[in-house]
1. May I ask you to verify whether D123 is touching a helix residue (DSSP H, G or I) at 6+ places or on another chain (Cβ under 9 Å) and surrounded by fewer than 16 Cβ atoms within 10 Å (Cβ to Cβ)?
2. Going by the structure shown, is G75 among the small types (G, A, S), under 30 Å from L154 (Cα atoms) and in a helix (DSSP H, G or I)?
3. Mind telling me which of the residues I77, I50, I112 ends up being of a type in the set (V, I, T) and in the same structural domain as M204 (by TED's automatic domain parsing)?
4. Look through Y135, Y149, Y176 and report the one residue that is farther than 21 Å from V73 by Cβ, buried (at least 17 other Cβ atoms within 10 Å of the Cβ) and modelled with pLDDT of 80 or more.
5. Considering each of D36, D12 in turn, give the residue that is surrounded by fewer than 16 Cβ atoms within 10 Å (Cβ to Cβ), outside the structural domain of Y149 (by TED's automatic domain parsing) and at positive phi.
6. Restricting the range 95-116 to residues that are at pLDDT below 95 and not in a helix (DSSP H, G or I), which is nearest to Y203 (Cα to Cα)?
7. Between a residue in the range 14-25 that is closer than 11 Å to I45 by Cα and any residue that is hydroxyl-bearing (S, T, Y) and modelled with pLDDT under 85, which pairs come within a Cβ distance under 9 Å, given they are 6 or more apart or on different chains?
8. Which residue pairs have Cβ atoms under 6 Å apart, sit 6 or more places apart or on different chains, and have a first residue in the range 81-107 that is on the phi < 0 side of the Ramachandran plot and a second that is aliphatic (A, V, I, L, M)?
Amino acid sequence: MSDENFVSLLDDLLSNDYRLMGDAIQPRVAVLVAIDDRIVYQRYIGFGNILKLEAIACNTIFRLASLSKQFIVYGIILLESQGKLNRQDTLKSFLSLEFIQRCPKISNTVRIQHLLDHSSGLDDDVLVTLKDETYFQPGSQFRYSNTGYILLELIIETSIVFDLNHLQIVNRAFGYSEKEDDKHYFLYDQSPTSATRGDGGIYMSINDYFQWYRHCQTMISTVFPIQNELSSSAKYYSL
């Protein structure tokens with residue numbers, strides 16, 4: 001399918017959805033399609049905040065969910081380039097004494113690199129109190145773990161001094177769910193773990209994300225030449 005046909009098909013699908021909405025006040029979507037370094041299509045439908053009648057726009061802030069993880073990785077690699085940490089460091093170098101005393105095995109055997117490539121063996125369920133055990137020897141297998149990225153976020157916090165408490169999130173899109181009986185929407189967070197940040201709590205507009213995408217094109221080859229390391233991390237996906 002050509003790029004033009006894809007964009008045309010996408011626009012038809014969104015137009016049909018828009019017609020089905022009619023005059024209804026409903027949450028919907030922000031769409032941006034980029035090819036190489038060019039935006040070839042963008043469209044905004046529905047409301048990010050139904051209560052305040054705030055329509056979705058290019059500056060509407062969405063929760064990135066697991067897309068947040070790439071920014072955590074960026075933060076870790078940036079700190080490593082500044083000499084503030086090493087990806088082979090164990091957790092005991094960064095986490096609190098209370099954590100180290102409660103989880104000595106994890107603190108002394110799990111390394112930052114294990115958290116980055118999901119080879120730590122830590123439980124994925126962040127709702128469960130972290131136990132001092134792993135599913136396997138860290139670094140030997142692949143097992144997706146949101147917990148690992150929560151710990152990475154804590155490592156970043158202990159490595160820098162930067163107060164974000166004064167910042168506010170404006171133009172935020174809220175999560176909604178639909179009542180099947182009367183077709184009304186109510187606030188509904190996508191996950192009961194939304195209070196955690198490193199695994200999925202970063203917020204960003206679609207235009208901001210496009211700028212990040214453009215930055216990534218030069219970052220990998222110039223700022224952080226880690227392309228050759230991808231093969232070593234990718235091996236866990238085949239285990």
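The values are calculated or read from the model by the stated rules, or taken from the named source; none is laboratory data. All values derive from a computational prediction rather than experimental measurement. Counting neighbours? That spans all protein chains shown, and the Cβs are built from the backbone with ideal geometry, glycine included.
1. Details: touching a helix residue (DSSP H, G or I) at 6+ places or on another chain (Cβ under 9 Å): yes; surrounded by fewer than 16 Cβ atoms within 10 Å (Cβ to Cβ): no.
Answer is no for this residue.
2. Numbers: among the small types (G, A, S): yes; under 30 Å from L154 (Cα atoms): yes; in a helix (DSSP H, G or I): yes.
Criteria met by G75.
3. Numbers: I77 fails: in the same structural domain as M204 (by TED's automatic domain parsing); I112 fails: in the same structural domain as M204 (by TED's automatic domain parsing).
Within the list I77, I50, I112, the selection yields I50.
4. Y176
5. Details: D12 fails: at positive phi.
Criteria check complete, one pass: D36.
6. L95
7. These pairs meet every condition: I25/Y185.
8. Listed pairs, sorted by first residue: L85/L79; R87/I112; D89/I112; L91/V110; K92/I100; F94/I155; S107/L91; S107/I100.
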